[in-house]
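Remarks on the structure that follows.
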Number of protein chains: 6
Amino acid sequence: MALNQQTKEQLQKVSTATLCTALFKRGLRNQFIQDVRPLDPRKGNMVGEAFTLRYIPAREDLNPITVFQDRNHPQRKAVEDCPPGAVMVIDSRKDARAASAGSILVSRLMVRGVAGIVTDGGFRDSPEIAALAIPAYHNRPSAPTNLTLHQALDINVPIGCGDVAVFPGDVMVGDGEGVIVIPAHLADEIAKEATEMTAFEDFVTEEVLKGRSILGLYPPTDEQSKIDFEAWRAKTGR
Amino acid sequence: MALNQQTKEQLQKVSTATLCTALFKRGLRNQFIQDVRPLDPRKGNMVGEAFTLRYIPAREDLNPITVFQDRNHPQRKAVEDCPPGAVMVIDSRKDARAASAGSILVSRLMVRGVAGIVTDGGFRDSPEIAALAIPAYHNRPSAPTNLTLHQALDINVPIGCGDVAVFPGDVMVGDGEGVIVIPAHLADEIAKEATEMTAFEDFVTEEVLKGRSILGLYPPTDEQSKIDFEAWRAKTGR
Amino acid sequence: MALNQQTKEQLQKVSTATLCTALFKRGLRNQFIQDVRPLDPRKGNMVGEAFTLRYIPAREDLNPITVFQDRNHPQRKAVEDCPPGAVMVIDSRKDARAASAGSILVSRLMVRGVAGIVTDGGFRDSPEIAALAIPAYHNRPSAPTNLTLHQALDINVPIGCGDVAVFPGDVMVGDGEGVIVIPAHLADEIAKEATEMTAFEDFVTEEVLKGRSILGLYPPTDEQSKIDFEAWRAKTGR
Amino acid sequence: MALNQQTKEQLQKVSTATLCTALFKRGLRNQFIQDVRPLDPRKGNMVGEAFTLRYIPAREDLNPITVFQDRNHPQRKAVEDCPPGAVMVIDSRKDARAASAGSILVSRLMVRGVAGIVTDGGFRDSPEIAALAIPAYHNRPSAPTNLTLHQALDINVPIGCGDVAVFPGDVMVGDGEGVIVIPAHLADEIAKEATEMTAFEDFVTEEVLKGRSILGLYPPTDEQSKIDFEAWRAKTGR
Amino acid sequence: MALNQQTKEQLQKVSTATLCTALFKRGLRNQFIQDVRPLDPRKGNMVGEAFTLRYIPAREDLNPITVFQDRNHPQRKAVEDCPPGAVMVIDSRKDARAASAGSILVSRLMVRGVAGIVTDGGFRDSPEIAALAIPAYHNRPSAPTNLTLHQALDINVPIGCGDVAVFPGDVMVGDGEGVIVIPAHLADEIAKEATEMTAFEDFVTEEVLKGRSILGLYPPTDEQSKIDFEAWRAKTGR
Amino acid sequence: MALNQQTKEQLQKVSTATLCTALFKRGLRNQFIQDVRPLDPRKGNMVGEAFTLRYIPAREDLNPITVFQDRNHPQRKAVEDCPPGAVMVIDSRKDARAASAGSILVSRLMVRGVAGIVTDGGFRDSPEIAALAIPAYHNRPSAPTNLTLHQALDINVPIGCGDVAVFPGDVMVGDGEGVIVIPAHLADEIAKEATEMTAFEDFVTEEVLKGRSILGLYPPTDEQSKIDFEAWRAKTGR
C-alpha cells in the first residue's frame, strides 16, 4: 500500500499531537513512540512509510569489528535497501547504552532520499547527524559502536519501537515533539481528519490569543463557535 | 496569604539554587521539583502562588473524547479559574507517557495573565508552548492527549509534583534549571535571605573570576572577605 | 604518566565515537560515561587527565551548611588542588537529585586552568556554568545544594562515574555527545589510531555525500576504496 | 452501592487473571495494580469495596513525630473509619522508600473486620503483617516511618494506586498474584462472568492435564469442546 | 545440533553461577538473563534447547480476545510446536505489565514434555504455574491477559530475553537463581568444564566449612591445595 | 568504638522499623538501606559493626579470572580480614547485574565468625547462601562472577550502600525487612530507646488485638494508656 501523495502532504502540515487524538478516537491509544526526540527539533515534519530493522543483544563472539566486512551485514544492507521516501525505524530494545547508527550511515540514507530515521536507542556522531538534511529521532546521544550491545538481525519485519508496534508500511510522522506510527490502512482517513482538526485548532488558537474563553469554544459546544469557525474557514480558505 | 509585591520582585531576581540553600538551612531539603525542566530555558524567572490540579490514572470508560463537552470538566475549569499571577501546578504522577496539557490551554492561561504552568508529566504542542510568553516546565514532550492516561479530578488541593509537596498558595519559583516550592509562610523571609545571598554570590563570582581562591572567601571565613564584601556592597549599592 | 602534548592535540580533533571504536577493538567495551551530556554542546573537545572526587550519601548530622567553613572540606580542597590541564571527575553515584557543584566552584576551576568537569549527577547554576569557558558534563540540572544528598569524601582515588571505572590519570575526552575514559597507558596509541580513523571517516563522509555506496567503502573491502583513500590523503595532506 | 453478597462470594473463588480478561473484554485494560504483591501469597482471596487514603510527599516541618498526637491525623482516622468488610487502598505514589503503614495499624484494621489493605508503597513490620489474618499487598518491605516521605492527606477520594484509578466503592479483589480494581457498577456482571469463565478454565485445565491439545479447546472453536464442557458441567454440577 | 545426553546430564548438576564463570573465561560476559527468577526456586535444574517466541507491543485493533479463535495464532501454535525436551523462551521486551502466558498453556507444555519456560515479562496464574512439574522463570506475577500489551509474532527466531541474545538451539540452564544461555556450539565443552569446576568448588566448600582459609585454596595457588584436591577426588570418586 | 555487649543484645531484639523511628526523631531520615532484602527472612537479627568493601566498575583488562591468584586481591583479603562479630558491607553501586560474592566466600565469613554480609548488588549461589548460618542481604540473585562488572578496590573506607552512608564501625542491624545503619556514636542510646519503644509497641499490639482503638493509645495521648502501660510493664517485667 503506497503512501498517497495527498496524504503525505497533509501529514507534513499536522502535528503528532493532533494525530494522536485522531487515533485515540479510533481506540488506538499507544501509537506515540515513547521517550524519543528529534536531534534537531527545528526540522519540518518527517513523513514516510516504515522500513524496519531489528536488533537483538550483541553476543561478543558474533560481533567483532570485522563483521562489517560482510556486504550483507543486515545493518549495512538495510541502509542500502531502505526505499527513498521511507523512514528507517530501528528496534534497539530501548537500550541507548550503545549506538544504533552513526553519521556515515545516516548520510548515506539522506543521499539515497530516505525520509528519516528513528531508533528507540541512541545515535553516535549526533551533532553531525543533527546538522544533516534528514530528520532523525533517538533517545539520547550514545558514542559506543552498535556492536557493543546490538546485533542487527532482521530487515523489514514487524518490530517494537519505544513501546509501539511498527509494521512495515505503517506511516511514520515526526515533528518537534517526537514520532507517531499510523497504521497503514488508516493513513488516508487520519490525514484528512487531522487536517480538519488542525484548521479548527488554528482557529481556536487565534480566538484564544484574542482573549476568548475556551469554554464553549474548545470543543465548540456553543453554537456561536461553530458559526465563527465556518466564517473563519470562508475567510482563510481552509 | 497573598504574595507580597516586594517578595515577588525579589524572587524574580534570585536563582532556584540559592533558594534551595535558604530552605535547606531551615531543614527543608526536598522542595526542588525533580526531573522537570523549562520548555524555554531563556525565559526569565517564573514567580507566583500555586494553583493546583490533580490528575489520577484515566479509566477508559470515563475518559472518552466527549468529556470535554462538559464545561465543568476539571481540566478546562481549572484553566478558566486559575487566578492571574498564579502558577498552575499539575500532579501528573510523574507520568509523561501522555500529555498534561497542550498549547491551546496554555495560551488561554497566558492570555488570562497566569504566571506559569508546571507539570511532572509532559506537554503536547511543546514547540508552540515554548514560544509563548509564559514559562512552562515539564519532564518531556508528550503528544498523546491527556485522556489517554490522565483524568483531571481535583482543583486546588494539596498535591505531589515531582516528589515535592505543593500546597495551594505555596510560592513557586522557576528559572533556567527548574522549579522550587517555597512554603507560603516562609516566602517573605526566604526572598529576603536569598536576595542577600545573591548579592554575596555575585561578589564572590566577581572575585573568583579575578583569580581569587575560594578558600576563606566562600564561605567568608577570612575576615578580609567580609571587609571586601562590605566595600563591594557600598560600591555597587547592593 | 603525564599527558603527551601531541596526544592531547590529537584527542582535541577526534570524536568520542571514534575513540569508543578504537577501545572496542582492544576489548574495552565500557568506557563511555553513560547518560551524561555537555551543558553546552557547542564547545570544542575537552581533553585532560582525570583528577577524581568521590562522594558518598550525605548523613544529615555530618552535612550542615557550616561544613564549608572548614578549609579542608574535600569538595573545596579538590577545587583548589585539581591541577591545571586536568579534568575533575566526580562520582555522584548517578544521583542527580542534588547538585554535585555550582557555578562559583566551576568558575574557580576555569580560572585555575582546569580543562573540564564531569559528574554523573547534576550541576546547579547550570545556565551560568554553560556560559563559562570550561566544558562541563552532567546528567541534568539540579538546584539543591550538594549537602542535601552528597558528602565529598576522597580526592583522587579510583571511582565509578556513569558506570565507568575512572582511575586518576586516565585521559578524559569530551565532545558534543559525552565523555569517554581512556586508560592512561593506552592514551598515546589510541590517539594515534583515532586520528587515522578520523581521516578515513572524513574521506568516507565526503564520498558518501557525493553519492557513493557504503558497501565496499565502509569498511574498505573494495580495493578501489583503499586506492581512493590514499589519493585523498595525498591530496588533502592528512 | 453496597457489595452484593453473592457477588462477594463469587469473587472469593475467581482469580485476578480471569477478572482481568473479563474487564479487558469491556475495554478496561488497566485495572491490575502494577508491581504490588501479597505479603503472604497463601492467603485466600481478598474481596471488598475500596476505602481510600491519599498520601502526598512529606514536608519536614509538617511531619514531626508529634503529628500522631492529633486524634484526627488522617492516617489514624482512616484506620478507625474504614468500614468492616472494606479494603483500605493507599496512594503512596509508588514510593516504597518509606512505609505506608505498620503492623499495629494493620492489626487494628484486622480486629475491626476490614477485608484487606493495599499500598503501592511498602509496609514496615512486614513479617508481622504477613502473619496476621488479613490480606495485605505492597511493593516491598520498608522500615522507615511513613513521616519520612508520606503525609496522609485525604480520606476516601478517588486516587491512583499502582497506575490504576481507584474510586471509593470500587471492588478490590486480591489473590496470590496481586490486586485488581473492578469499577463498582460492573462488579455484579464481572463476578458472574468470571465465575462462568473459571468453570470453563477448570474444565480446560483438566482436559489439558489429561493430554488434550489446546487447539480447538481453548478457546472452544471445536464443536466437541463445547459438548464436552456441557457434559463436564452436568457431571460436576458447575 | 541436538543436545548431547551426557551434556544434558552434566548441566543438570551444575549451577548457573559456575556456568557464568566458564563462559566469562571465553569472553562471554552477558549470558545470564537479567532480573528473571524461578516461580518455584526449589525445583531442580531446567535444561533444554531454546525454542523461541517473539512478542511485539500489542496494537489494540489487532488484539481483540477473538484472535485466539485462530488455530494458527503464534502463541498457541508455539505451545503445540515446542519440541519435548526444549525450553520455550519468550521475548516480552522486559515488560511485565501484562502476562506472557498463563497456567493452561504452561500445563500443556508440561504435558507435552517441554523442559521449561522462560519470559522476561511475567506469568499470570503464577501460583498454579509454580505448583506444576515444569520449571518456569519470569520477572514477576502479572494477571492481565497478554493481549493487553503483547502480540505474539514469530516462532523460533533469534530474540533478546532479559538483555541476552537467545538463538534457537542455544542451551538454556535454569536453577534457583535464574537462567543462563549457553551458545549451542559451546554446550559440550562448557558442561564438561563446569562439571570439573563444580567438583573443585565442592571440595573447596568442604575445606572452608572445616575452617581452612580461602587464600591459596580458592584459587588453588598453594601446591598443597592441588594435592588435597586430588586426594579428595580419589576419595570421592569425582 | 567497640560495640557494647548490652547494646548488641538489645539490638538483637528490636526491629529495623523501630530503629528507623528512633533515628528519625534525631533528624536521621535516611539510614535504611533501600531495596535490599534478606536471603532468608526467617533468620534472627543480624547485629555487628560495619566492615566495608568498595567496588568500582570493572575494566575488562584489569579483571581477568586470574586476578584472584593474587592473595592480596581486595575481595579475598577483605574476607580474611573482616573481624569476627563485624558485618561486611559492600558498595556495589546498586548494580545487581553481576554478583558481589558467592557461597564460598560467605561460608568463609561464617566460619570466621562474621556476623553478616550486606550488598546493594546481588549474591551468586544464593540458595546455598540462604541455607548458611549467617544472615545475608542483597537486592536479587545474580549468577555472573563479580569480575564481570565489579572491581574490589578499597577495604574499610566510608561507602554508600543502597543510598545510605556507611562508615566503618557504624552498627548494622538486619531483620526480616532489611538493614539499617546506626551511626556508631548513637548505637547505645538508640538501642536503649528502641528497647523501650519495643516494649510499648508490644503492649499496644496486645491491646489492639484485644480490640482497643489506636486513638489515645498509639501514641498514648490518653492518660489511661500510660497507666495501663505501666501496669503491663509491672506485670510482664519489661
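Side notes on the structure shown:
- Of all residues in the range F:170-229 being at the interface with chain D (Cβ under 7 Å from one of its Cβ atoms) and touching a residue at least 40 places away in the same chain (Cβ under 8 Å), the one that is farthest from F:Leu23 (Cα to Cα): F:Gly176
- Residue list for the range F:1-31, restricted to those being of a type in the set (Gly, Ala, Ser) and open to solvent by 50 Å² or more (accessible area, probe 1.4 Å): F:Ala2
- A:Ala165 being open to solvent by less than 50 Å² (accessible area, probe 1.4 Å), in a helix (DSSP H, G or I) and touching a Lys or Arg at 6+ places or on another chain (Cβ under 9 Å): no
- Test result for D:Val157, among the aliphatic types (A, V, I, L, M) and surrounded by fewer than 24 Cβ atoms within 10 Å (Cβ to Cβ): yes
- Among the numbered conditions (1) open to solvent by 10 Å² or more (accessible area, probe 1.4 Å); (2) under 18 Å from C:Val114 (Cβ atoms), the only one that C:Gly176 does not meet is (2).
- Residues in the range B:179-212 that are open to solvent by less than 10 Å² (accessible area, probe 1.4 Å) and under 15 Å from B:Trp232 (Cβ atoms): B:Ala199, B:Phe203, B:Val204, B:Val208.
- Test result for C:Arg93, touching an Asp or Glu at 6+ places or on another chain (Cβ under 9 Å), open to solvent by 30 Å² or more (accessible area, probe 1.4 Å) and closer than 21 Å to C:Val157 by Cβ: yes
- Within the range C:154-167, residues that are farther than 12 Å from F:Leu153 by Cβ have Cβ atoms under 7 Å from residues that are crowded, with 22+ Cβ neighbours inside 10 Å and small (Gly, Ala, Ser) in these pairs: C:Ile155/C:Ala78, counting only partners at least 6 apart in sequence or on another chain.
- Selection of the range A:108-140 for residues being closer than 22 Å to C:Thr21 by Cβ and part of a strand (DSSP E or B) yields A:Ile117, A:Thr119, A:Gly122, A:Phe123, A:Ala136, A:His138.
- Pick from the range A:50-83, criterion β-branched (Val, Ile, Thr) and open to solvent by 10 Å² or more (accessible area, probe 1.4 Å), ranking: nearest to the other protein chains (Cβ to nearest Cβ): A:Ile65
- Flag if A:Gly176 is in a loop (DSSP other than H, G, I, E, B) and on the phi > 0 side of the Ramachandran plot: no
- Residue match in the range C:28-49 (condition: of a type in the set (A, V, I, L, M), within 7 Å of another protein chain (Cβ to nearest Cβ), out of contact with any Phe, Trp or Tyr (no Cβ under 9 Å at 6 or more places or on another chain) and without any contact (Cβ under 8 Å) to a residue 40 or more places away in the chain): no
- Residue in the range E:96-107 that is among the basic types (Lys, Arg), assigned to a helix (DSSP H, G or I) and open to solvent by 10 Å² or more (accessible area, probe 1.4 Å) present: no
- Note on the range B:52-83: residues that are more than 20 Å from the chain's Cα centre (by Cα) and among the β-branched types (Val, Ile, Thr) amount to 4.
- Reported count of residues in the range D:134-153, each being touching a residue at least 40 places away in the same chain (Cβ under 8 Å), open to solvent by 30 Å² or more (accessible area, probe 1.4 Å) and more than 14 Å from D:Pro57 (Cα to Cα), is 2.
- Taken together, the criteria place E:Ile117 among residues that are open to solvent by less than 30 Å² (accessible area, probe 1.4 Å), free of Cβ contacts under 8 Å to residues at least 40 places away in the same chain and among the aliphatic types (A, V, I, L, M).
- Leading residue by the ranking (farthest from E:Phe68 (Cα to Cα)) among those in the range D:213-231 that are in a helix (DSSP H, G or I), open to solvent by 30 Å² or more (accessible area, probe 1.4 Å) and of a type outside the set (Asp, Glu): D:Ala231
- Among the residues making up the range C:14-23, a single one is touching a helix residue (DSSP H, G or I) at 6+ places or on another chain (Cβ under 6 Å) and either of a type in the set (S, T, N, Q) or facing another protein chain (nearest Cβ under 7 Å) (or both): C:Thr18.
The values are calculated or read from the model by the stated rules, or taken from the named source; none is laboratory data. Because the structure is a prediction, the values reported are computed rather than measured. All Cβ positions, even for glycine, are placed from backbone atoms using ideal geometry, and neighbour counts span all protein chains on display. These accessible areas exclude ligands, DNA and RNA; they are computed on the full protein's heavy atoms, side chains included. Shrake-Rupley method; radii C 1.70, N 1.55, O 1.52, S 1.80 Å.
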